[in-house]
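For reference, the structure is listed below as structure tokens.
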Amino acid sequence: MISRRKFLGASAGGVLGALAASACSTAPGGGGQAAGAKTLRVWDHFQPREDLHKKLFADFQKSTGTVVQYTVYNPNQQGQALQLAFGSKQLPDIYTTAGVKLPQPRLKKDGWIAPIELTKQDLSAMPADCFLNGFTHFDDKLYSLPMVNYRQYGTLTWYNVELAEKAGLDAERDLATWDGFRSAAAKIKSSGGDGISGWIAPLQFAQRLGEHVSDLAMAAGGAGATDPRTGAYAYGTDPYVHAIDFLMSLKKDGLIFPASSSLDARTARARWSTGVAGLFFDGPWNIGVINDQFKVFLDKVGVVSMPTAEAGRPLVVYAPPKAGDYVTAATSKDPELVAKLLKIFTTEEVMLAETEQMDGMPVDLALVSKANVHPTYKKAAELFGKQIKLRPAPEVRNSGVSEVVAEMKQIEPDLGGIVQGVLSGQLPDARKALTDLDRKLTAERERAIKAVAAKGVKVSADDWAFANWVPGQDYGRDKYKTS
């Protein structure tokens, strides 16, 4: 695949040049870091975008004299690194919050993040619907910059074309349901020969397992962590229990790659690309990583939708509005310079370049049709456009909900921990564990509501309930006026 690096060579300097006049200066003659030059640190988990970002940051340094120290983390490790950095007051100036379980309202409350000094004009090239109070904004101030669209999920079925053909599979037909997926995995293992497994999974990455089960629960008729109609937590319901049962059946049938218990998403993908397993659940970024790091495997990659629980069930995935991706540390000493760097990502040219790295879906999904990307990435975008619906968010209706979310303490084990425990045999009863999680979350939400109400915030559990929610439809901004 051809990236937009040629474009960037010509135009990134133009994008950044407009910033140079108001940024700090370099030593006469440029060429390297001047004495006393400022430094910004950036951490993210955007592996397919790494080369592009290095180019952008190098051009920023050339144009402004500001050194950008850039680190790309494994998302399974970034959360721990950020926790350590926060505890030692050494957070990077700009970072994504991958691996940090705390929601952004809590990060704001605890002093992790600060407003980003970008104006509405600075953001005018980005779709207006990707900005929302309670998510990217708090009190109408921008706290996080979107880099990824909410219309995506991380449980697409990626398959090895050669192994599928050897097993006599028609991917669209045979991978459409849970039973079909299990049968296909068995055929791949049987026909593949020694050392070939049906499915490989990141069992060491609890957060990703939780995401897979949440997606699969919606493929079984669920609507997310809470019932939009009542606001009640829904982990203990049949869709979640059956989704875990489905994954457990793959293990019981001996279809899972034996070393999966030691793999996270990146290492599972790396092993999958060597041909040791036929099937792999992952998001659209999978093909971007394959293109960057395992290009020899690129022509063997196919993708279809996540399987549904049963034949004939329409697949509807409900996604809430999404918080932004890049945040700025409250401890950053130069928020104006941080804003100058982040402004790079708000231009249409750079957003298109980002799209062509084939990471998460761009904030403007229409860019995919314009971009030079692998056919599987375009197919993923088409699937998301048809399958994903926006679910209601109580934060939009009542800003006090964000204060409740910020007040709530984390409950352990969370969904990912429960899935991990069931698959490892440490939790023998999935329904009991999920029901306990519902009970603990309900109690914690009630406690948090009382705590913020004592400060004069008007909020109640009823704010999580949307009587006018209609399954299978987007819950747009206009619906809040009648809820």
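The values are calculated or read from the model by the stated rules, or taken from the named source; none is laboratory data. Owing to the predicted nature of the structure, the values given are computational and were not obtained by experimental measurement. Cβ: placed from backbone, ideal geometry, glycine included. Neighbour counts: every protein chain shown. Only protein heavy atoms, including side chains, enter the accessible area calculation; ligands, DNA and RNA are left aside. Shrake-Rupley method; radii C 1.70, N 1.55, O 1.52, S 1.80 Å.
Structure above, values below:
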{"item": "Cα pair count fraction exceeding 23 Å, expressed as % - segment 389-483", "result": "43"}
{"item": "Cβ-Cβ FRET estimate between residue 170 and residue 450, R0 fixed at 56 Å, reported to 0.05", "result": "0.50"}
{"item": "Interchain or long-range residues, amide H under 5 Å from residue 317's placed H", "result": "388, 389"}
{"item": "Helix-only CD estimate at 222 nm, as mean residue ellipticity for the chain, using -39500 (n - 2.57) per DSSP H run (n ≥ 4)", "result": "-12500 deg cm²/dmol"}
{"item": "At 0.890 mPa s and 25 °C, Stokes D of segment 169-316 from Kirkwood alpha-carbon radius, µm² per second", "result": "154"}
{"item": "Inter-label distance for residue 481 and residue 51, nm, one decimal - labels placed 7 Å from Cα along Cα-to-Cβ", "result": "4.8"}
{"item": "The chain: translational diffusion in µm²/s, Stokes-Einstein, Kirkwood Rh over Cα pairs, 37 °C, 0.692 mPa s", "result": "139"}
{"item": "Accessible area expressed per residue, the chain, with surrounding protein chains retained (probe 1.4 Å, Å²)", "result": "42"}
{"item": "Distance between segment 35-76 and segment 257-317 - C-alpha centres, whole angstrom", "result": "28"}
{"item": "Subset of 189/379; 378/479; 322/440; 189/386; 109/455; 89/440 violating a 20 Å alpha-carbon distance limit", "result": "189/379; 378/479; 322/440; 189/386; 89/440"}
{"item": "Added length on full extension, which subtracts the Cα-Cα distance from 0.36 nm per residue, residue 429 to residue 245", "result": "65.2 nm"}
{"item": "Inverse mean reciprocal Cα-Cα distance (Kirkwood Rh) of segment 144-227, Å", "result": "14.8"}
{"item": "Rounded FRET efficiency, nearest 0.05, which uses the C-beta distance separating residue 191 from residue 133 and R0 of 60 Å", "result": "0.65"}
{"item": "Estimated vicinal HN-Hα couplings, Hz - segment 296-313 in sequence order (Karplus 6.51, -1.76, 1.60; Gly, Pro = x)", "result": "4, 8, 4, 6, 9, 9, x, 9, 9, 4, 4, x, 9, 5, 8, 5, x, 7"}
{"item": "Charge dipole magnitude, Cβ of K and R +1, D and E -1 - the chain, Cα centre, debye nearest 20", "result": "460"}
{"item": "Charge-dipole axis of the chain as Lys and Arg at +1 and Asp and Glu at -1 on Cβ define it, positive-most pick from 158, 384, 124", "result": "124"}
{"item": "Linear extension gain, residue 83 paired with residue 412, 0.36 nm per residue minus alpha-carbon span", "result": "116.7 nm"}
{"item": "Length released on extending from residue 349 to residue 110, taking residue separation times 0.36 nm less the Cα-Cα span", "result": "82.5 nm"}
